[in-house]
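The values are calculated or read from the model by the stated rules, or taken from the named source; none is laboratory data. Remember, predicted model here, so these are calculated numbers, not experimental data. A quick note on method: Cβ atoms are made from the backbone with ideal geometry, for glycine too, and the neighbour counts reach across all protein chains shown.
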């Protein structure tokens, strides 16, 4: 039961970032602040779990909890980036496939 906090914080942070990205999709500078937001959310949720559900955190002190929060937040950010890169890669493949099919039709 002690290890449950990190995946939970990562999932919650990833969900919040997804919602914020939908809300602020017209702001181009928002992308720059995603790592900072995920770090703050990760630390905040880990501290919340530390005080409210101490059995879910594998540490006994607050400093280690803060480090776990940073790790959870940055892993959520990395997970979010992986999905973004995969989405871009799939879209690029689809566009390239359509372009090659159009070139074949023209010839």
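Here is how the numbers come out for the structure above:
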{"item": "Checklist (1) at pLDDT below 90; (2) closer than 20 Å to residue 77 by Cα; (3) in contact with a helix residue (DSSP H, G or I) (Cβ under 7 Å, 6 or more places away or on another chain) applied to residue 3, failing item", "result": "(3)"}
{"item": "Qualifying position, being more than 12 Å from the chain's Cα centre (by Cα) and modelled with pLDDT of 85 or more, among 41, 20, 48", "result": "48"}
{"item": "Output for the stretch 48-60, where each listed residue is surrounded by fewer than 17 Cβ atoms within 10 Å (Cβ to Cβ) and in a helix (DSSP H, G or I)", "result": "48, 51, 52, 54, 55"}
{"item": "Residue within the stretch 85-95 that is within 24 Å of residue 16 (Cα to Cα), part of a helix (DSSP H, G or I) and touching a helix residue (DSSP H, G or I) at 6+ places or on another chain (Cβ under 8 Å) present", "result": "no"}
{"item": "Residues that are in contact (Cβ under 8 Å) with a residue 24 or more places away in the chain and farther than 16 Å from residue 16 by Cβ, drawn from the stretch 71-84", "result": "71"}
{"item": "Single unsatisfied condition, residue 18 versus (1) surrounded by fewer than 16 Cβ atoms within 10 Å (Cβ to Cβ); (2) touching a residue at least 60 places away in the same chain (Cβ under 8 Å); (3) in contact with a helix residue (DSSP H, G or I) (Cβ under 7 Å, 6 or more places away or on another chain)", "result": "(3)"}
{"item": "Selected residue [surrounded by fewer than 10 Cβ atoms within 10 Å (Cβ to Cβ) and assigned to a helix (DSSP H, G or I)] from 70, 63", "result": "63"}
{"item": "Test for residue 34: is it part of a helix (DSSP H, G or I), farther than 13 Å from residue 72 by Cα and at pLDDT below 90", "result": "yes"}
